[in-house]
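**Q** What follows is a structure written as structure tokens; I'll ask about it next.
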Amino acid sequence: MAGRYDRNPFEEEEEVNPFADGGRGKASGQPKFSGGSFYTTSGSVPPAINSRLSPLPPEPADFYNPTAPVDIPLDSASDLKKKEKELQAKESELKRREQEVRRKEEAAARAGIVLEEKNWPPFFPIIHHDIANEIPIHLQKIQYVAFTTLLGLCFALLWNVIAVTTAWIKLGDAKIWFLAIIYFISGVPGAYVLWYRPLYRAFRTESAMKFGWFFLLYMLHIGFCIFAAVAPPVVFRGKSLTGILPAVDLVGDHMLVGIFYFIGFGVFCLESVLSIWVIQQVYMYFRGSGKAAEMKREAARGALRAAI
């Protein structure tokens, strides 16, 4: 029994070369193996000429050398001269445009035209306003307080509309509401154009005539604020403005309306006090800087020219 398991089961198997006789059997002539997708029945390898792929070109000797020089095709001398001429032409055109822009800016400056970019308020720019960069540092405090009076007037007129609206609801008088709307619509842009912008430009350009224009119209602004704080019974019994007199008249019968009018009275009083401080400071600077004498000389020259 031991002799049966001593024999090597692989020693009598015949070694078969799959490439001998084209891979065919000795007796039957049939293929003895399966070549899969590379199997051909012709018994020979097809020539390379029938392949659809073209042979790759040989790689250069220094293909894998990272330090090998690389040949970069350079433009010819004529192409370089052509590009140089194009660059020179563009440069001359840019210089010409720059000189033209500079000439226009100088002409506008000589004519007194100032190019101003709208930058305020930031969320919806409608005016140009840059005190920190355009107003001298010793005048910035006065300009900031003057700007505060402009915003204060806007708030006072807006609150006046709100208070008069409550009075209109309680009293049923639509005329006072329409007057309050007119005060707001005309007062806010009018204040900016008539006295704030002249003061801004007077501080910026040191123009004596702009100072005179500011003094004239700013006194009218102060007079209106004092009039609104009192609100005498001149126009529709004075209830179109939130002054002290209509507030006292309304607080007895209509408490809420009277409180609104008292708040408006306080806002107009504060606006009047700040405005008086601004005109006082501007006048002190105007006298101390010699602008008053310059304004008198300009007025005398203007009267002389008109007489001649």
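The values are calculated or read from the model by the stated rules, or taken from the named source; none is laboratory data. Just so you know, these numbers come straight off a predicted model, no measurement behind them. Neighbour counts run over all protein chains shown; Cβ positions are idealised from the backbone, glycine included. Side chains are part of the model used for accessible areas, which takes the heavy atoms of the whole protein and leaves out ligands, DNA and RNA. Shrake-Rupley method; radii C 1.70, N 1.55, O 1.52, S 1.80 Å.
**Q** Determine the share of region 165-246's accessible area contributed by carbon and sulfur atoms, expressed in whole percent, with a 1.4 angstrom probe.
**A** For region 165-246, the apolar C and S fraction of the accessible surface comes to 75 percent.
**Q** Whole number in Å², please: accessible area per residue of region 117-193, 1.4 Å probe, ligands, DNA and RNA not counted.
**A** 55
**Q** When you count, for each residue, the other Cβ atoms within 10 Å and take the mean per peptide, how do 199-206, 174-181, 137-144, 126-133 rank with the highest first?
**A** 199-206, 174-181, 137-144, 126-133
**Q** Okay, next question. Given a 1.4 Å probe and the protein chains all in place, what does the accessible area of residue 90 round to, in Å² to the nearest 10?
**A** Accessible area, nearest 10 Å²: 140 Å².
**Q** Taking every pair of alpha-carbon atoms in region 76-206, what share in percent sits in each 10 Å bin, from 0 to the bin with the longest distance?
**A** 10, 23, 21, 16, 12, 8, 5, 3, 1, 0
**Q** Between residue 205 and residue 234, what's the calculated FRET efficiency when r is the beta-carbon distance and R0 is 41 Å? Round to 0.05.
**A** Approximately 0.55, to the nearest 0.05.
**Q** Further question: Once you have all Cα-Cα distances for region 154-251, histogram them in 10 Å bins from zero and send the whole-percent values.
**A** P(r) over region 154-251, rounded to whole percents: 16, 41, 24, 14, 5, 0.
**Q** With every protein chain kept in the model, how would you rank 166, 148 by accessible area, 1.4 Å probe, largest at the top?
**A** 148, 166
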